[in-house]
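The values are calculated or read from the model by the stated rules, or taken from the named source; none is laboratory data. Because the structure is a prediction, the values reported are computed rather than measured. Here the Cβ is made from the backbone with ideal geometry for all residues, glycine too, and neighbour counts use every protein chain on show.
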Amino acid sequence: MKKDVKVLDCTIRDGGLINNYHFSDEFVKKVYETCVKVGVDYFEIGK
């Protein structure tokens, strides 16, 4: 992968627009852990 390319995951932020941010803590934790495992650079969760 190119070092000047960064990967952003916004699954929780964008998904929250659909379900009004009703995610369990466990679900968010699993998504985050998966992002870390695959090398995502940024993980966006805010409203």
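Go through region 10-47 residue by residue and tally those that are at positive phi, of a type in the set (F, W, Y) and within 12 Å of the chain's Cα centre (by Cα).
Within region 10-47, the first condition is being at positive phi, and the residues that meet it are 20-21, 39.
So of that shortlist, the ones also of a type in the set (F, W, Y) come out as 21.
Going one step further and asking which of them are within 12 Å of the chain's Cα centre (by Cα), we end up with none.
Total meeting the criteria: 0.
Sub-8 Å Cβ pairs linking a first residue in region 1-16 that is farther than 20 Å from I45 by Cα to a second residue that is at pLDDT 90 or above and surrounded by fewer than 12 Cβ atoms within 10 Å (Cβ to Cβ), at least 6 apart or interchain, are M1/G39, ordered by first then second residue. Within region 32-45, residues that are small (G, A, S) reach partners that are part of a loop (DSSP other than H, G, I, E, B) with beta carbons closer than 9 Å, at six or more positions or on different chains, in the pairs G39/M1; G39/V7.
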